[in-house]
Amino acid sequence: MSQTSIHKSKIKVVLLEGLHSNAPQLFKDDGYTQIECYDKALSDEELKAVLADANFVGIRSRTKITLDILNHAPKLAAIGCFCIGTNQVDLAAARSHGVPVFNAPFANTRSVAELVLGEMLLLIRGIPEKNAAAHRGQWLKTAKGSHEARGKTLGIVGYGHIGTQLGLLAESLGMQVIFFDILKKLSLGNAQAVASMEQLFAQANIVTFHVPETPQTKNLLNHENIGLLKDEAIVINASRGSVIEIPALVKALQQKKVAGAAVDVFPVEPSSNQQEFLSELIPFDNVILTPHIGGSTLEAQANIGIEVAEKLIHYSNNGSTIGAVNFPQVALPTHTGNYRLLHVHKNKPGVLSQINELFSEESINITAQYLQTYEDIGYVVTDIDRESDENILEKLKLIPGTLRSRILY
Ligand code: NAI
């Protein structure tokens, strides 16, 4: 058995909340043998017990990783959030413990873009109200208000991951794509940037929002500017519930200024499937209401499983922290033939020189060294060209300010 295999066999990986099977499979395929999977989130006491000797943990949104939990997980090297959000983890506490947190911010991008595309096609044909009427026994056979997507203008507010994907999909239908973003963005395909949101409103037949939730994006579409939309425009929001002022949309729907809408996210959302959904948009047949499922597909779940497991394995094998949400970002080459020492420390002057003094005292030759800092911590990775021993690791751990240190074989 190689030293790397022995090392991997000592690493305990805990995967909670019934993660997609491809997550444990990736660890197995990479040679990890101690993988504990749980179908559910655990109570705090159970969590502390399983994390007491765990090196990696994978969670979804229900497991809260607090300072208290981290204090009971002395060997924890990294946390994987197998979802988009990372609010369930105390990120600053994790950082101060030297623990990077990874997530999968873009694994469901395509799912959202496809949902919006489908909704857009249904809305410009007036399908939601025709469908609702048919369910009540009414026959609304008419071409009135029914349009093809080809040649229409799609206005995308927020040209990020989802916005750009959607723009490309819409162009394949023969649509014109315009977008407004606060940052200068590279146009994909034939999409054209416009100078302001107002300009976008004036030109687009369909306006869709793909911005993050920030103080600046609160009520982006509101009572003041909704009148700038083209007559019979279509409005779609699958970003965050705060982005559209719902009463303004309700008024525009009543006045038939807006011909239809699709809303996936709401200012207040039920916390479970058992809780009633309440919205002023419920009475409108021409509004597609969906329960915040823009990114909820089996494919997205599978992608999340792969993306986060890969990031954890990469960090475990190689020390690379690219994609960590709370940690210095260090991209590292493979270290074949070398030993790699990882050292996470408080970001204060003198730590790096003490590390290098130690190597010099031990007559260790450094073949490469990478340093990155982020807020209050520093992360230094050192490749050395001679066989290391645990002794050096123990000495590294004694350097004042050290938060965590690991050796990679
Ligand atoms: P992203 O970060 O890739 O793109 C967001 C874009 O919005 C960026 O280009 C940014 O510069 C731009 N932006 C920020 N403030 C703006 C403003 N005031 N005006 C115009 N543009 C502005 O984000 P991504 O991945 O495309 O996601 C977009 C939204 O979709 C986020 O709110 C996210 O939470 C939401 N989302 C919703 C899902 C659902 O299930 N409905 C699933 C996944 C994401």
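The values are calculated or read from the model by the stated rules, or taken from the named source; none is laboratory data. Since the structure is predicted, the reported quantities are computational estimates derived from the model, not experimental observations. When we count neighbours, we look across all protein chains shown, and the Cβ atoms used for this are built from the backbone with ideal geometry, even at glycine. The protein model used for the area step is the full one, side chains on, heavy atoms only, and it has no ligands, DNA or RNA in it. Shrake-Rupley method; radii C 1.70, N 1.55, O 1.52, S 1.80 Å.
In percent, how large is the relative contact order of the chain, given Cα pairs closer than 8 Å and 6 or more residues apart?
Computed over the chain, the figure is 14 percent.
To the nearest 20 Debye, how big is the dipole of the chain about its Cα centre, given +1 on the beta carbon of each Lys and Arg and -1 on that of each Asp and Glu?
780
Starting from the Cα of ILE306, step 7 Å along the direction of its Cβ; do the same at ALA92; then give the gap between the two resulting points in nm.
The answer from the label model is 3.7 nm.
Return the single residue from SER272, SER296, SER111 with maximal mean-square fluctuation; model: Gaussian network over the chain, springs between Cα atoms under 10 Å.
Largest GNM mean-square fluctuation: SER272.
Please report the net charge: other residues with Cβ closer than 13 Å to the Cβ of GLY319, K and R +1, D and E -1.
Cβ neighbours under 13 Å give a net charge of +3.
Report, ordered by chain and residue number, the lysines lying within cross-link reach of LYS12, taken as a straight Cα distance under 28 Å and ignoring same-chain residues fewer than 8 apart.
LYS28, LYS40, LYS48, LYS64, LYS75, LYS311, LYS346, LYS395, LYS397
Residue separation times 0.36 nm, minus the C-alpha to C-alpha distance between LEU140 and ASP376: what's the value?
Full-extension gain reported as 78.6 nm.
Okay, helix-only estimate at 222 nm for the chain: each DSSP H run of n ≥ 4 adds -39500 (n - 2.57), divide by all residues, round to 500 deg cm²/dmol; what do you get?
Dividing the helical sum by the residues of the chain leaves -9000 deg cm²/dmol.
Give the aspartates and glutamates whose C-alpha is closer than 14 Å to that of LYS10, dropping any in the same chain fewer than 8 places away, or say none.
ASP30, GLU36, ASP53
Suppose every K and R has +1 on its Cβ and every D and E has -1 on its Cβ; what is the size of the dipole of the range 264-368 about the Cα centre, in Debye to the nearest 20?
620
Give me the percent of Cα-Cα pairs in the range 270-328 that sit more than 16 Å apart, rounded to a whole number.
Considering the range 270-328, 66 percent of its Cα-Cα pairs are separated by more than 16 Å.
Let me see the P(r) profile for the chain: every Cα-Cα distance counted, bins of 10 Å, each bin given as a percent of all pairs.
Calculated over all Cα pairs of the chain, the distribution is 4, 19, 24, 19, 16, 11, 5, 1, 0 percent.
Mind ranking 129-136, 18-25 by how tightly packed they are, going by the mean number of other C-beta atoms within 10 angstrom, highest first?
18-25, 129-136
Please identify, among GLN274, GLN203, GLN176, the residue showing maximal mean-square fluctuation in a Gaussian network model of the chain using a 10 angstrom Cα cutoff.
Among GLN274, GLN203, GLN176, the largest GNM mean-square fluctuation belongs to GLN274.
May I ask for the distance between the Cα centers of the range 262-316 and the range 235-249, given as a whole number of Å?
Each part reduced to its Cα centre gives a spacing of 15 Å.
Contour minus end-to-end for LEU188 and LEU168, with contour as 0.36 nm per residue of separation and end-to-end as the Cα-Cα distance?
Taking LEU188 through LEU168 to full extension adds about 6.5 nm, to one decimal.
Carbon and sulfur: what percent of the range 1-155's accessible surface (1.4 Å probe)?
For the range 1-155, the apolar C and S fraction of the accessible surface comes to 53 percent.
Identify all lysines with a Cα-Cα distance to LYS141 below 24 Å; exclude those on the same chain that are fewer than 8 residues away in sequence.
Output for LYS141: LYS130, LYS152, LYS256, LYS257.
If the label point is 7 Å along Cα→Cβ of GLU114, which residues in the range 154-168 have backbone nitrogen under 18 Å from it?
Answer for the range 154-168: 161-168.
Among ILE79, ILE355, ILE178, determine the one that fluctuates most according to a GNM of the chain built with springs between C-alpha atoms less than 10 Å apart.
Between ILE79, ILE355, ILE178, it is ILE355 that shows the largest mean-square fluctuation.
Rounded if a/c is under 1.5, else prolate if a/b beats b/c, else oblate: with a ≥ b ≥ c from the C-alpha gyration tensor eigenvalues square-rooted, which is the range 109-289?
Verdict is oblate for the range 109-289.
On a 0 to 90° scale, report how tilted helix 161-171 is relative to the longest principal axis of the chain, with both axes built from alpha carbons and the result rounded to the nearest 10.
That helix lies at roughly 40 degrees to the long axis.
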